[in-house]
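Novice: Dropping the structure in here first, questions after.
The values are calculated or read from the model by the stated rules, or taken from the named source; none is laboratory data. What you see is a predicted model, and the numbers here were worked out from it, not measured in a lab. Here the Cβ positions follow ideal geometry from the backbone for every residue, glycine too, while neighbour counts run over all protein chains shown. The area values use the complete protein model at the heavy-atom level, side chains included, leaving out ligands, DNA and RNA. Shrake-Rupley method; radii C 1.70, N 1.55, O 1.52, S 1.80 Å.
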Amino acid sequence: MIKFLTKGILRDRSRSLIPVLVVTLTVAMIVFFQGFLTGILNSMFLDSAVVSTGHVKVTTRAYEEESQLLPNDLALLGSQQMMAELSGQYADHFWTPRITFGGLLDVPDEQGETRAQGPAVAFGLDLFSAGSRQIEIWELERRLVEGRLPAKPEEALLSSKLADRLGVRLGESVTFIGSTMHGAFTTFNFSVTGTFNLKMGPVDKNMMLVDISGARLALDMDDAASEILGYKNSLYYEDEEAVAMRTDYNLNHSDSTNIFSPTMLALRDANQMGMMVDFSMAAMAIMGAIFLIIVMIVLWNMGLMNGLRRYGEIGMRLAIGESKGQVFRSMIVESVIIGFIGTVIGTGIGLGLTYYMQEVGLDYSEALEGLTSTNIIMSNVFYAQVTPELFYIGFIPGVLATVLGTMLAGRAIYKREMAQLFKELET
Amino acid sequence: MQNSAVVTINHLLKQFPVGGDYFTALKDVTLSFARGEFTGLVGPSGSGKTTLLNIIGGLDSPTEGTVDVLGKVLDNTSHGDRALLRRKHMGFIFQSYNLLPVYTVFENVELPLILNKVEEKEREKMVKEAVEWVGLTDKLNSRPAMLSGGECQRTAIARAIVHKPELILADEPTANLDAENSHHIMKIMTGLNRELSTSFIFATHDEKIMAYLRRIIHLDDGQISEDERIEHPQG
Ligand SMILES: Nc1ncnc2c1ncn2[C@@H]1O[C@H](COP(=O)(O)OP(=O)(O)OP(=O)(O)O)[C@@H](O)[C@H]1O
Ligand SMILES: [Mg+2]
């Protein structure tokens, strides 16, 4: 019987084309939006994780309390050992120490007088260790505008915005003016080997990047770190897992009576990120539901019209001895076939579009560079992302909506008296 | 099965609700059809011919009275049982042929056999046999759109007889056909009636059909006004 029905569907294009088309289009849209949203959110999570939060990070309770002030006097001590412990305990993450520090950058002229001066936020990253993935995840090679990456502790990269503002050229040296972790006034000379642009809006407005060894020299922070950041090896943020990990770690390692005890934070604990995580999940669920309802209503109506056109057929089938239930079931089987065909084609199209947007991306630079807030870390180019779930996500709404739509339409068969259906044969 | 009657009807009353009232379509109909009969229900429009056929076919149910078809009292059977009875033992032919447009002649005729879960090999044999009866062997793979009205109706007849039913109900089977095709079809059906002893009940007001009938039941306003036997019908 299924073979018989499939033959009919394939031949009667006029009857099956529009439902298939509706399913195809909506499924393609679901797949594409899902891919696009996933891409944007994942890149947003990753950008945020790379620049500030990690997927998880460990710091002292005291540092966390005042983290806005970059209070390196409250930094983690014995970072080497802590790194080793974290790597041992959570092997599916990689861990990296970081020192974040703020101060003034002074650019001297030939006489040593100040030529330009301005505030800077510096990141001491682990650029040099073998196996460190910092250069990879910061995509520094791609984001380098001029020059080369630092090779020595005293070398630094400036964001091109900061370099332009201070009028610094490659090879020149800049003086960092600030305080050590022990609160003492300090100056330290960095030589500028290159400039970079993160293309994430205004986050890198005042940014300087150095190796953590340079930061340790400048701030007298031997074996200390502001934070130790952890990243999932796959670079995908898994909210539930990160939250569970942070809860578990804090239960075992954090001591609420000791402000210098370590504490772990998940990406969602950072400013606004929790909201983003929740938003992303809600957005996907709502989108799915809306599409489901739209497809269902459209197909319901189409099913009704089809049903009307097919009363003759239905009456004839009742006459040759199908029961109402059989006719109803065969309509459902037809709708499953139609939903399936539409979903397969739609998934193909959606994946194609998603793949295209994954490779090409949507450039938002101008809009984002105009923003002044540095709170939201967001890439200027939106990339979609092809994930495994895109291959099956369309089937749920695609087939379900077709079947539900047909069931609603098919109720008419049950409501109508058999003799009434039969009457329509006469005309 | 008493005295080999295919259908026995006793004091049948059929009323349709119309507004708050009832419209009486059939009144005190008592009838029986023997095996192998070739009978017509004849009467003016609205006299209740189609209603009676539908009740015999189990597509509609009586308001009062009993209807016994092929040994089953229809009142006591479920929708499913009645569907089974139709599927196995009855064939229907309509004024409009009700062929499925996307299927070929072969597939249209095959459908009742698929429903009866006949095996594919056996199906092919039975379909070919039925199509041969109606003389459409050369059109097996045509779609209804490519057939003439007469050919469509012959396909519908093949569909009605393919599973060798005991009883065929035909409602105005010639109404859409010209004289030549009407005679052709009536000849096919008298042939089937003779060779396979299939019982036929027609509803009609077509003079051409009446010439072939061996029994004519006249309906008037829902009542039997005359039950006429014809000794030497044409055909
Ligand atoms: N479902 C229904 N509801 C109300 N009245 C009905 C219904 N079906 C039939 N009738 C009425 O019952 C009467 C008999 O109808 P029926 O269709 O049996 O006539 P008929 O003899 O077949 O006529 P025709 O030659 O025009 O086909 C008609 O007056 C019709 O209007
Ligand atoms: Mg009628």
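Novice: Please find, within segment B:183-209, the residue that is farthest from ligand 1 (Cβ to nearest atom) out of those that are part of a loop (DSSP other than H, G, I, E, B) and closer than 18 Å to residue B:161 by Cβ.
Specialist: Taking segment B:183-209 as the starting set, the residues that turn out to be part of a loop (DSSP other than H, G, I, E, B) are B:197-198, B:205-206.
Narrowing further to those that are closer than 18 Å to residue B:161 by Cβ: B:197-198.
Values: B:197: 27, B:198: 22 Å.
Selected residue: B:197.
Novice: Let me ask another. Among what's in segment B:53-70 and is away from chain A (no Cβ under 13 Å) and open to solvent by 50 Å² or more (accessible area, probe 1.4 Å), pick the residue that is nearest to residue B:26 (Cα to Cα).
Specialist: Going through the qualifying residues, I end up with B:64.
Novice: When segment B:57-66 is examined, which residues are found to be within 19 Å of residue A:316 (Cβ to Cβ) and either more than 17 Å from the chain's Cα centre (by Cα) or within 12 Å of ligand 1 (Cβ to nearest atom) (or both)?
Specialist: Keep residues of segment B:57-66 that are within 19 Å of residue A:316 (Cβ to Cβ), which gives B:57-60.
Those that are within 19 Å of residue A:316 (Cβ to Cβ) and either more than 17 Å from the chain's Cα centre (by Cα) or within 12 Å of ligand 1 (Cβ to nearest atom) (or both): B:59, B:60.
Novice: Report yes if residue A:35 is surrounded by 17 or more Cβ atoms within 10 Å (Cβ to Cβ) and touching a Leu at 6+ places or on another chain (Cβ under 6 Å), otherwise no.
Specialist: Values: surrounded by 17 or more Cβ atoms within 10 Å (Cβ to Cβ): yes; touching a Leu at 6+ places or on another chain (Cβ under 6 Å): yes.
Yes: the conditions hold for residue A:35.
Novice: Starting from residues that are within 14 Å of another protein chain (Cβ to nearest Cβ) and at pLDDT 90 or above, keep the ones in segment B:18-29 and report whichever is nearest to ligand 2 (Cβ to nearest atom).
Specialist: The qualifying residue nearest to ligand 2 (Cβ to nearest atom) is B:25.
Novice: Residue A:312 - would you say it is touching a Lys or Arg at 6+ places or on another chain (Cβ under 6 Å) and part of a helix (DSSP H, G or I)?
Specialist: Details: touching a Lys or Arg at 6+ places or on another chain (Cβ under 6 Å): no; part of a helix (DSSP H, G or I): yes.
Answer is no for this residue.
Novice: Find all pairs meeting these conditions: Cβ atoms under 9 angstrom apart; at least six residues apart or on different chains; first residue within segment B:30-48 and without any contact (Cβ under 8 Å) to a residue 24 or more places away in the chain; second residue within 9 Å of ligand 2 (Cβ to nearest atom) and open to solvent by less than 30 Å² (accessible area, probe 1.4 Å).
Specialist: Between residues of segment B:30-48 that are without any contact (Cβ under 8 Å) to a residue 24 or more places away in the chain and residues that are within 9 Å of ligand 2 (Cβ to nearest atom) and open to solvent by less than 30 Å² (accessible area, probe 1.4 Å), there is no close pair.
Novice: Working carefully through the options B:45, B:32, find the one that is open to solvent by 30 Å² or more (accessible area, probe 1.4 Å) and within 13 Å of ligand 2 (Cβ to nearest atom).
Specialist: Details: B:32 fails: within 13 Å of ligand 2 (Cβ to nearest atom).
Only one candidate passes the filter, namely B:45.
Novice: Against the definition (under 30 Å from the mean Cα position of the chain (by Cα) and without any contact (Cβ under 8 Å) to a residue 60 or more places away in the chain), how does residue A:65 come out, yes or no? So that I can check it myself, show each step before the final result.
Specialist: Values: under 30 Å from the mean Cα position of the chain (by Cα): yes; without any contact (Cβ under 8 Å) to a residue 60 or more places away in the chain: no.
So residue A:65 fails the test.
Novice: I've got another one for you. I'd like the full set of residues that are among the hydroxyl-bearing types (Ser, Thr, Tyr) and either over 20 Å from the mean Cα position of the chain (by Cα) or more than 16 Å from residue A:54 (Cβ to Cβ) (or both), limited to segment A:231-256. Working first, answer last.
Specialist: From segment A:231-256, those among the hydroxyl-bearing types (Ser, Thr, Tyr) are A:231, A:234, A:236-237, A:247, A:249, A:254, A:256; that's our starting set.
Result: A:247, A:249, A:254, A:256.
Novice: Okay, next question. Among the residues in segment B:153-174, are any more than 14 Å from chain A (Cβ to nearest Cβ), small (Gly, Ala, Ser) and not in a loop (DSSP other than H, G, I, E, B)?
Specialist: So far as segment B:153-174 goes, no, none of its residues is more than 14 Å from chain A (Cβ to nearest Cβ), small (Gly, Ala, Ser) and not in a loop (DSSP other than H, G, I, E, B).
Novice: Checking the conditions here, which among B:21, B:60, B:28 is more than 26 Å from residue B:195 (Cα to Cα) and touching a helix residue (DSSP H, G or I) at 6+ places or on another chain (Cβ under 8 Å)?
Specialist: Within the list B:21, B:60, B:28, the selection yields B:60.
Novice: Which one of these is open to solvent by 10 Å² or more (accessible area, probe 1.4 Å), within 10 Å of another protein chain (Cβ to nearest Cβ) and free of Cβ contacts under 8 Å to residues at least 12 places away in the same chain: A:312, A:325? Walk me through how you get there before you give the answer.
Specialist: Working: A:312 fails: free of Cβ contacts under 8 Å to residues at least 12 places away in the same chain.
Of the residues listed, the single one that is open to solvent by 10 Å² or more (accessible area, probe 1.4 Å), within 10 Å of another protein chain (Cβ to nearest Cβ) and free of Cβ contacts under 8 Å to residues at least 12 places away in the same chain is A:325.
Novice: Do you know which residues across segment B:109-122 are within 11 Å of another protein chain (Cβ to nearest Cβ), assigned to a helix (DSSP H, G or I) and over 21 Å from the mean Cα position of the chain (by Cα)?
Specialist: Across segment B:109-122, the qualifying residue is only B:120.
Novice: Please count how many residues of segment B:83-108 are within 11 Å of chain A (Cβ to nearest Cβ), part of a helix (DSSP H, G or I) and within 24 Å of residue B:176 (Cβ to Cβ). Show your work before the answer.
Specialist: Here is the first cut: in segment B:83-108, the ones within 11 Å of chain A (Cβ to nearest Cβ) are B:83-104, B:107-108.
Still in the running and part of a helix (DSSP H, G or I): B:83-89, B:107-108.
Right, trim to within 24 Å of residue B:176 (Cβ to Cβ) and you get B:86, B:107-108.
Residues meeting the conditions: 3.
Novice: Sort out which residues of segment B:210-235 are at pLDDT 90 or above, assigned to a loop (DSSP other than H, G, I, E, B), more than 17 Å from the chain's Cα centre (by Cα) and more than 16 Å from ligand 2 (Cβ to nearest atom), and write them in order of number.
Specialist: B:211
Residues are listed down the side, and each one gets a yes or a no for (1) within 16 Å of ligand 1 (Cβ to nearest atom); (2) open to solvent by 60 Å² or more (accessible area, probe 1.4 Å); (3) in contact (Cβ under 8 Å) with a residue 40 or more places away in the chain:
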{"position": "B:146", "(1), (2), (3)": "no, yes, no"}
{"position": "B:150", "(1), (2), (3)": "no, no, no"}
{"position": "B:165", "(1), (2), (3)": "no, no, yes"}
{"position": "B:181", "(1), (2), (3)": "no, no, no"}
{"position": "B:211", "(1), (2), (3)": "no, no, no"}
{"position": "B:217", "(1), (2), (3)": "yes, no, yes"}
{"position": "B:223", "(1), (2), (3)": "yes, yes, yes"}
{"position": "B:231", "(1), (2), (3)": "no, yes, no"}
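Novice: Here are the criteria: (1) in contact with a strand residue (DSSP E or B) (Cβ under 8 Å, 6 or more places away or on another chain); (2) within 27 Å of residue A:112 (Cα to Cα). Tell me which single one residue A:184 does not satisfy.
Specialist: Looking at each condition in turn, residue A:184 falls short on (1).
Novice: Before we move on, is residue A:170 within 23 Å of residue A:113 (Cα to Cα) and open to solvent by 20 Å² or more (accessible area, probe 1.4 Å)? I'd like the intermediate steps shown before the answer.
Specialist: Working: within 23 Å of residue A:113 (Cα to Cα): yes; open to solvent by 20 Å² or more (accessible area, probe 1.4 Å): yes.
Against the criterion (within 23 Å of residue A:113 (Cα to Cα) and open to solvent by 20 Å² or more (accessible area, probe 1.4 Å)), residue A:170 qualifies.
Novice: What's the number of the condition residue A:263 fails, among (1) free of Cβ contacts under 8 Å to residues at least 60 places away in the same chain; (2) hydroxyl-bearing (Ser, Thr, Tyr); (3) touching a Ser or Thr at 6+ places or on another chain (Cβ under 6 Å)?
Specialist: Unmet condition: (1).
Novice: Would it be correct to say that residue B:7 is away from ligand 2 (no atom under 16 Å from the Cβ), within 14 Å of another protein chain (Cβ to nearest Cβ), under 17 Å from residue B:168 (Cβ atoms) and open to solvent by less than 70 Å² (accessible area, probe 1.4 Å)? Steps first, answer last, please.
Specialist: Values: away from ligand 2 (no atom under 16 Å from the Cβ): yes; within 14 Å of another protein chain (Cβ to nearest Cβ): no; under 17 Å from residue B:168 (Cβ atoms): yes; open to solvent by less than 70 Å² (accessible area, probe 1.4 Å): yes.
Considered against the rule, which asks whether it is away from ligand 2 (no atom under 16 Å from the Cβ), within 14 Å of another protein chain (Cβ to nearest Cβ), under 17 Å from residue B:168 (Cβ atoms) and open to solvent by less than 70 Å² (accessible area, probe 1.4 Å), residue B:7 comes out as no.
Novice: Another one. Identify, by number, the condition in (1) under 18 Å from residue B:31 (Cα atoms); (2) among the β-branched types (Val, Ile, Thr); (3) at pLDDT below 95 that residue B:134 doesn't meet.
Specialist: So residue B:134 meets the others, but not (1).
Novice: Residue check: is residue B:136 within 8 Å of another protein chain (Cβ to nearest Cβ) and buried (at least 18 other Cβ atoms within 10 Å of the Cβ)? Let's see the steps before the verdict.
Specialist: Working: within 8 Å of another protein chain (Cβ to nearest Cβ): no; buried (at least 18 other Cβ atoms within 10 Å of the Cβ): yes.
So residue B:136 does not fit the description; no.
Novice: Just to be sure before I move on: is residue A:151 in a loop (DSSP other than H, G, I, E, B) and surrounded by fewer than 14 Cβ atoms within 10 Å (Cβ to Cβ) in the structure I sent?
Specialist: Values: in a loop (DSSP other than H, G, I, E, B): yes; surrounded by fewer than 14 Cβ atoms within 10 Å (Cβ to Cβ): yes.
Yes, satisfied.
Novice: Which residue, of A:275, A:264, is part of a helix (DSSP H, G or I) and either within 28 Å of residue A:90 (Cα to Cα) or of a type in the set (A, V, I, L, M) (or both)?
Specialist: Details: A:264 fails: part of a helix (DSSP H, G or I).
On inspection, the qualifying residue turns out to be A:275.
Novice: Would you check if residue A:70 is open to solvent by 30 Å² or more (accessible area, probe 1.4 Å) and either under 20 Å from residue A:124 (Cα atoms) or outside the structural domain of residue A:317 (by TED's automatic domain parsing) (or both)? Lay out the reasoning, then the answer.
Specialist: Values: open to solvent by 30 Å² or more (accessible area, probe 1.4 Å): yes; either under 20 Å from residue A:124 (Cα atoms) or outside the structural domain of residue A:317 (by TED's automatic domain parsing) (or both): yes.
When the stated conditions are applied, residue A:70 passes them.
Novice: While we're looking at this one, here's another question. Out of the helices (runs of 4 or more DSSP H) lying entirely within segment A:1-99, which hold 2 or more residues that are hydroxyl-bearing (Ser, Thr, Tyr)? Reasoning before the result, please.
Specialist: Working: elements: A:2-11, A:13-48, A:61-65, A:79-89.
Output list reads A:13-48, A:79-89.
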